[in-house]
Amino acid sequence: MLNFIITGAPGCGKGTQSQLLEQKYGLKHFSTGDALRAEIASGSALGKEIDGILAAGNLVSDDFMIKLIGNFIDTLPTSCKGFILDGFPRTIVQAYALTQLFEQKQIKAYLLHIMVDEPEVVKRILKRGESSGRADDNLESIKHRLKVYHEQTAPICRYYLARNNYFVVNGNFEVEETFAQIDMLTALLQHAEQ
Ligand code: ADP
């Protein structure tokens, strides 16, 4: 199995690049943001609670997210070629929990960090907000999400860097050029895994 954890600031292109990776390499893409938005769309009481958290640009509790990921890992088909976790871990607590889960299941994953300049991510999210219908794609929410990202998510990079499975991709380019870097890296890792 070839597994990735994809991280980076909001709007860095995690979702888009994950979809391309899924298409080309047959890896299963799991987006925590999409899973949470599906829960909101279901209209459940839990969805209503989550809706408020997302709209404010805050993070859902670690406990809930860790259970969600545990469930995804537990239900992976045996035929699975690998997976891409998009949006998890987003805190150091989640990173520790994931390491434990991976150790139990003897799973290995590479962290892919898509780096994009901050003015560029703000521009991209505002553009996405014109059509996404997402309650958190507005300037106020974006500023708060970036603050949360720097305080709570960015520290996970050091954690993975120390564990020697951390790769950086320059995401300031167009979609195809950014994917070309990920594609090359994936091909190399796939070769190394064989
Ligand atoms: P973006 O990367 O553009 O911020 P996502 O779709 O990945 O968008 O996530 C949207 C929102 O979902 C986040 O701002 C956060 O509120 C919530 N969320 C997603 N993943 C997690 C997580 N692992 N832990 C806590 N909250 C999360």
Report summary line: From the option list Asp136, Asp117, single residue qualifying as within 20 Å of Pro10 (Cβ to Cβ), out of contact with any helix residue (DSSP H, G or I) (no Cβ under 7 Å at 6 or more places or on another chain) and of a type outside the set (Gly, Ala, Ser) is Asp117
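Results for (1) on the phi < 0 side of the Ramachandran plot; (2) surrounded by fewer than 19 Cβ atoms within 10 Å (Cβ to Cβ); (3) basic (Lys, Arg), shown as yes or no for each residue.
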| residue | (1), (2), (3) |
| --- | --- |
| Tyr25 | yes, yes, no |
| Lys28 | yes, yes, yes |
| Ser31 | yes, no, no |
| Gly52 | yes, yes, no |
| Ala55 | yes, yes, no |
| Asn58 | yes, yes, no |
| Asp63 | yes, yes, no |
| Ile66 | yes, no, no |
Requested in this report: With the checklist (1) closer than 30 Å to Asp183 by Cβ; (2) at pLDDT 95 or above in hand, flag the one item Thr78 doesn't pass.
Outcome: (2)
Report task. Determine which member of the set Leu146, Leu85 is in contact with a Leu (Cβ under 9 Å, 6 or more places away or on another chain) and either at pLDDT 95 or above or among the hydroxyl-bearing types (Ser, Thr, Tyr) (or both). Result -> Leu85
Requested in this report: Return only the number of the condition from (1) farther than 30 Å from Arg163 by Cβ; (2) within 13 Å of the ligand (Cβ to nearest atom); (3) modelled with pLDDT of 95 or more that Thr91 does not satisfy.
Outcome: (1)
Query - Selection within region 20-38 - farther than 10 Å from Asp86 by Cα and either touching a helix residue (DSSP H, G or I) at 6+ places or on another chain (Cβ under 8 Å) or within 16 Å of the ligand (Cβ to nearest atom) (or both) - result: Leu20, Leu21, Glu22, Lys24, Tyr25, Leu27, Lys28, Ala35, Leu36, Arg37, Ala38
Requested in this report: Check whether at least one residue in region 10-17 is more than 10 Å from the ligand (Cβ to nearest atom) and under 22 Å from Ile114 (Cβ atoms), and report yes or no.
Outcome: yes
Report summary line: Flagged in region 107-140 as among the aliphatic types (A, V, I, L, M) and either within 13 Å of the ligand (Cβ to nearest atom) or at pLDDT 95 or above (or both), in numbering order, are Ile107, Ala109, Leu111, Leu112, Ile114, Met115, Val116, Val121, Val122, Ile125, Leu126, Ala135
Report task. State yes or no: is Ile73 surrounded by 13 or more Cβ atoms within 10 Å (Cβ to Cβ), within 27 Å of Ile182 (Cα to Cα) and free of Cβ contacts under 8 Å to residues at least 40 places away in the same chain? Result -> yes
Report summary line: Here the residues within region 84-108 that are small (Gly, Ala, Ser) and farther than 23 Å from Leu146 by Cβ are Ala97
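The values are calculated or read from the model by the stated rules, or taken from the named source; none is laboratory data. Because the structure is a prediction, the values reported are computed rather than measured. A quick note on method: Cβ atoms are made from the backbone with ideal geometry, for glycine too, and the neighbour counts reach across all protein chains shown.
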